[in-house]
1. What is the spread of the Cα atoms of region 82-175 along each of their three principal axes, largest first, in whole Å?
2. What number comes out for accessible area per residue over the chain if the probe is 1.4 Å? Units Å², please.
3. In whole Å, what are the Cα extents of region 39-107 along the three principal axes, biggest one first?
4. About its Cα centre, what dipole magnitude does the chain give when the only charges are +1 on Lys and Arg Cβ and -1 on Asp and Glu Cβ, stated in debye to the nearest 20?
5. Tell me the accessible surface of Ser97 in square angstrom (1.4 angstrom probe, heavy atoms of protein chains only), to the nearest ten.
6. With a sphere of radius 10 Å drawn around the Cβ of Ala66, what net charge do the other residues whose Cβ falls strictly inside it have (Lys, Arg +1; Asp, Glu -1)?
7. Which values, in whole Å and largest first, are the semi-axes of the equivalent ellipsoid of the chain obtained as the square root of 5 times each eigenvalue of the Cα gyration tensor?
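The values are calculated or read from the model by the stated rules, or taken from the named source; none is laboratory data. The structure displayed is predicted, hence computed values, not measured ones. In this analysis, Cβ positions are derived from the backbone assuming ideal geometry, glycine residues included, and neighbour counts consider all displayed protein chains. Side chains included, ligands, DNA and RNA excluded: accessible areas come from the protein's heavy atoms. Shrake-Rupley method; radii C 1.70, N 1.55, O 1.52, S 1.80 Å.
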Amino acid sequence: ATTTSEPAATTAPGQDDGTHLDAVGALVLRRLLLADPVAQSKWLSGKPIADPVREQAVVDEAVSLARQEGVDPDLVTRVVRSQISASKVVQRGLITSWTHDPASAPTTAPDLATIRPQLDAIDTDLVAAIGAAQATAHDPRCAHLVVAERKRLSAGLDSLHRKGVRDALSGFCTA
Ligand SMILES: C=C(O[C@@H]1C=C(C(=O)O)C=C[C@H]1O)C(=O)O
C-alpha cells in the first residue's frame, strides 16, 4: 500500500493508523519505566549501571527471535540497542539526582533478578511489534510519525523520562 492512500490524521491517539507504531510505542514506554526500579536496585546494591554482558545477551536473544519470526535483524538490533541506551540515560539521571539529594533516594527496591524477566517479556513482544511495524521504518514519513508517537507517549512524563523516550525511539527509522 502506498502511504498516500492512507487517511490523513483521522485516527484517535493510540488507535491503529496502519503504521503499527502505537504497539511499539506502548512497549517502549513500559520498558523505559522499568529503568526506575532497576536504578533503585542498583543504587542499593552498588552495582554499576552498565552491564555489557547482560546487554549483549539481551541483543542476542532479540536477534535470534527476530530471525525465527522473519523480522529484520538489523532493525531489531538498532531498536533494542536504543532501548538499552535509553534505560541507562534514565538510570544515570535518577542516580545523579539521588546522589545530590540523598533524602530523595530509595531505601527499598525490588531485586534486579525479578525485573530482568519483565524486560525479557517486553523484548519478546517488542520483536513481534517491530515486525508488524517494519514497513513504517522504511516509510519516508517515518521520522514524522515517530515524533507524533513520541509526543503521545511523553504526555505526563518528566523531562528525564521524555529524554529517555526520545532516545528509545531514535533507532527506529531506517533513513
Ligand atoms: C536494565 C539494566 O541496565 C542496563 C540496561 C540494560 C537493558 O536495558 O536491557 C541491560 C543492562 C544494563 O547495561 C539491567 O542491568 O538489567
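1. Projected onto the principal axes, the Cα atoms of region 82-175 cover 47, 27, 20 Å.
2. 52 Å²
3. 49, 17, 15
4. It works out to roughly 580 debye.
5. Accessible area of Ser97: about 50 Å².
6. -3
7. Square roots of five times the eigenvalues give 30, 19, 12 Å.
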